[in-house]
Each structure stands twice: as structure tokens, then as C-alpha cells.
Amino acid sequence: MLTKLEQCIVDLHKIGVVKFGDFTLKSGMQSPVYFDLRIIISYPKLLETVAELMWEARPCEKYELVCGVAYTGLPIATVISTKQDIPMLIRRKETKGYGTKKLVEGNFTDGQSCLMIEDVIVSGSSVFETVETLRELELDVKDALVFLDREQGGAANLKSMDINVVSVISMTEMMSILLKQGCVTEEVSDSVLEFVRSHTATSIVSKKKTTCNNGTDVMDRKKCSLESRIATTSQPLTKKLFEIMIAKKSNLCVAADVTKSDELLALAEKLGPHICLLKTHIDILTDFSKDTVENLKNLAVKHNFLIFEDRKFGDIGNTVANQYVEGMYNIVDWADLVTAHGLPGDGIIKGLMSGTSGKPRGCVLVSQMSSTGALTTQEYVNGCQKIAEKNEYFVVGFVSQSCVSENPRFVIFTPGVQYNKKGDDLGQQYNTPRTAVLEKGADVIIVGRGITQAEDPVAAAVMYKEDGFKAYLERISE
């Protein structure tokens with residue numbers, strides 16, 4: 001005999017609530033499993049069972065109010081409200097533009113205890129957005145009740161914000177039931193569990209956590225410290241990059257545009273201690289081999305920097321996916337970040353994301369170039385911003401020559417940085433570190449020949465590193 005919970009999970013699978021394949025979550029994360037409880041509104045008895053299981057799991061005996069997180073939490077909260085005779089609140093997605101213009105509907109008084117109801121949590125952001133609003137209205141909100149915990153950090157994120165999360169079932173437990181009942185194969189179960197194990201780094205962006213140095217809630221990227229910006233993003237490599245920059249006091253990326261593997265590895269070894277990123281053009285190496293990238297990966301770990309392959313992908317999603325994972329370079333295996341043009345639209349991001357197979361990877365959109373006569377119009381720049389905002393989990397930021405975004409979760413990478421030189425014979429234009437950071441809004445300065453062709457590359461790297469980071473500190477202190 002199946003337990004009530006086991007039968008519920010099997011029934012949810014039968015009606016298509018649990019789906020397996022390749023799905024893009026709200027965060028932009030690619031997942032092999034999708035849990036779509038919205039379907040349940042067409043199955044009243046199953047909806048009632050879900051509500052009963054959730055109520056039985058509640059962390060406290062009594063609550064004065066319940067509030068469902070829009071939208072799927074609302075029908076569940078409604079069933080609980082009517083069955084348990086507890087008043088319900090609704091927090092809208094946005095404030096009404098007419099009538100009372102309320103964001104929260106329902107009657108309540110200061111200090112009343114309210115239980116949050118949600119169908120599934122990934123990072124916990126949706127729950128916290130609702131809790132943040134209710135707490136501003138002086139309600140006592142401490143507990144959140146969810147049906148499925150995807151085990152991707154949401155419960156821990158909410159706990160750090162004083163919200164206790166109780167779930168009816170975890171993703172691991174759900175997969176165990178489905179495997180035991182013959183609903184999925186071992187291969188499908190293993191792929192989901194591997195995904196869960198490798199995707200636990202999520203975060204919540206809250207109004208209180210994302211304040212700049214001056215204490216205001218206005219998030220101007222240029223005025224925010226790297227420390228405060230960590231809380232604004234759930235992109236794992238953006239977080240890691242900020243942490244490296246803080247630890248090494250460096251916003252320097254070296255463009256190692258050399259044609260021999262030993263030159264590339266020598267630069268990585270010598271300059272590694274001073275950089276946050278090493279930018280490569282792997283396809284110009286005349287002696288490329290798998291040993292090259294294996295040695296490069298080892299040096300990145302040894303000296304704590306990210307590998308940034310300047311591939312500038314620019315084709316349709318399917319082609320880009322193959323370029324990313326196939327062929328002799330197998331870029332996805334070793335490059336933390338890659339560049340891509342925004343011209344193909346969202347498809348190029350989806351193509352790259354489909355090839356990651358759970359690896360923590362990121363993309364930098366080429367918004368503006370440093371060459372004379374570049375055809376990057378403002379319309380194109382705006383388009384890149386929209387693509388980034390729709391794909392925050394994968395897009396790390398922009399290659400640009402100006403402040404194309406004020407959003408602190410995106411990183412601005414500015415190439416063409418060099419001292420005492422206006423340009424070269426092929427149209428390259430240069431900025432000093434100070435100009436790039438203070439005037440053009442760069443977070444990361446990209447220096448190539450100014451270091452790689454210097455008489456003493458290490459001394460040059462130290463100079464660029466110190467001046468670039470000094471400019472950043474001056475910028476956030478203004």
C-alpha cells in the first residue's frame with residue numbers, strides 16, 4: 001500500500017506536473033526536471049490532497065493568517081483557508097493602478113502571525129519578495145510552507161533572512177518515490193540527482209541586502225562595492241569573480257593573444273598572481289592540444305583566476321551549441337566565461353546554456369568594441385541589455401566602452417586599456433586604467449599588448465593592477 005504522500009507524487013507525475021527533459025527555469029538555469037504544479041487547479045481532489053499534506057506539515061499549530069505566493073501558491077492557500085477557517089491574504093505581483101491601489105488584499109492588523117504558502121522553492125526569491133512586503137506592513141511572518149524543495153539553496157537562503165522553511169518533500173525524496181514506483185528510469189533519476197548536487201549555489205536579492213556604501217536602496221553599479229554586489233546576483237561565476245577581485249585587490253584581465261601554447265602557459269604562470277581573469281583566443285594557437293587547456297586549468301586553480309575565452313559566438317543557437325561543446329577545442333570543458341554577440345537574440349544564450357551540462361559557466365555579451373568605426377548602435381546596445389536581463393543566471397555582463405548598465409549584478413569589461421598610446425594601425429583605440437574605470441564605468445580592465453609585449457610583463461601587470469583597483473576604490477568612495 002502506498003502512503004498518502006507516495007500516491008500523491010505518483011498522481012502528480014501521471015497528470016504531467018513532473019516533467020523530464022531540458023527546461024529553462026525562471027532564473028535562467030537549465031534543468032533536467034520541471035515541477036509545474038499549476039496544472040493541479042484542473043484536478044480538485046488532487047489539489048485538496050496537496051493542501052492537506054502541506055497543512056499536516058506546518059511548523060506551528062496555529063496561525064492567524066495564510067498568504068499564498070502568486071500564482072500557484074494561491075489556490076493551495078485558498079483550500080487551506082476554507083478548510084481550516086483561517087483568513088487569507090493575497091499579495092499582488094504589482095500594485096493596482098486604480099481603486100485602492102493596494103499591493104496586499106485582505107483584512108489584517110499589525111502583529112498578526114501569517115503562514116506563507118508556496119508550491120516549490122529554488123532560490124526562495126518569490127517567497128522572500130512576499131515576506132518582505134508583509135513585514136513592511138507590520139505582520140509577523142516567520143514560517144514558509146512549501147510542497148517541493150528543489151534543494152538548490154532556497155531553504156538556506158530564507159533561513160539566513162529569518163524565515164523558517166518546512167517542505168512536504170524534497171527533490172531527492174520525490175525522485176526516490178518515482179523510481180521505486182517505476183515512473184522513471186535509473187538514468188533519469190541519476191541525471192536529476194546529479195543536477196541537484198551540482199546546483200546548490202543560489203541567492204536572494206533583497207532590498208535590505210542590496211544597499212550601496214552610502215546606505216541607500218538605489219543600486220548604482222558604479223557606486224557599489226564588490227562586497228555589496230555579491231548579494232545582487234545568483235550567477236555563480238559572477239559571485240566567484242567578485243570574490244577573486246576582492247581577495248586579490250585586482251580588476252585586471254590580461255588578454256593573452258599569443259600563438260604558441262608555451263607562451264600562453266608562461267604568461268598564465270607569471271601573471272596569474274596579479275589577475276582576476278586571463279582572456280584567451282584559443283583558436284590562434286598553432287600548436288593547440290588537450291594538454292594546453294589541462295595545464296591552463298591547473299594554473300587557474302593555482303593562482304585563483306578565471307579563464308575567459310574570447311570566442312565571440314555569433315550564430316543561431318543550434319550552431320553555437322555545437323561550436324561550444326564539439327570539435328577539437330571543446331570550449332565548455334575549460335573556459336569559465338565566453339563572449340558572444342547579441343545580434344542573434346536569445347537563441348544564442350539558450351544554445352550556450354544547453355551545452356553546459358551542469359557545469360558552472362557564464363557568457364559576456366559584446367555590447368561595444370574598442371575598434372574605430374565599430375557598428376554597435378544604441379539600438380544594439382539596448383538589445384544586449386534586454387537579453388542579459390532575461391538571462392541573468394547565465395549572462396555575467398558586457399564587453400563595452402561605456403557605462404551600458406547601472407545594474408550591479410552585471411560586470412562591465414572594458415578592453416583596449418594601455419598607457420601612453422592612442423591606438424594602432426588596425427583601428428584599435430586605447431584608454432588608461434583610470435579613464436576606463438572612472439569615466440567609462442569599467443569594472444574589469446582588459447589589457448593586452450601593454451603587458452604581454454612589455455619589457456617586464458610582471459612589473460607592467462602589477463602597475464595596471466594597482467592603478468585599476470585604485471581607480472575602483474576612488475569611484476565607490478565618491
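The values are calculated or read from the model by the stated rules, or taken from the named source; none is laboratory data. Because the structure is predicted, anything quoted here is derived from the model rather than measured. FYI the Cβ positions are ideal-geometry reconstructions off the backbone, even for glycines, and counts take in every protein chain you see.
Screening Thr435 against (1) among the polar types (S, T, N, Q); (2) assigned to a loop (DSSP other than H, G, I, E, B); (3) modelled with pLDDT of 90 or more leaves a single unmet condition, (2). Residues in segment 243-272 that are out of contact with any Cys (no Cβ under 9 Å at 6 or more places or on another chain) and not in a helix (DSSP H, G or I) were compared, and the one that is nearest to Asp443 (Cα to Cα) is Lys249.
Considered as a group, the residues in segment 434-478 that are in contact (Cβ under 8 Å) with a residue 40 or more places away in the chain and among the hydroxyl-bearing types (Ser, Thr, Tyr) include one that is nearest to Phe308 (Cα to Cα), and that residue is Thr452. For segment 220-242, the candidate set comprises residues that are under 11 Å from the mean Cα position of the chain (by Cα) and not in a helix (DSSP H, G or I); within that set, the residue that is nearest to Val301 (Cα to Cα) is Gln235.
Just so you know, in segment 51-99 the residues that are aromatic (Phe, Trp, Tyr) and modelled with pLDDT of 95 or more include one that is nearest to Glu118 (Cα to Cα), and it is Trp55.
The residues in segment 179-200 that are without any contact (Cβ under 8 Å) to a residue 60 or more places away in the chain, part of a loop (DSSP other than H, G, I, E, B) and surrounded by 13 or more Cβ atoms within 10 Å (Cβ to Cβ) can be counted, and the count is 1.
Does segment 121-172 hold any residues that are more than 13 Å from Thr200 (Cβ to Cβ) and among the charged types (D, E, K, R), and which are they? Correct list: Glu129, Glu132, Arg135, Glu136, Glu138, Asp140, Lys142, Asp143, Lys159, Asp162.
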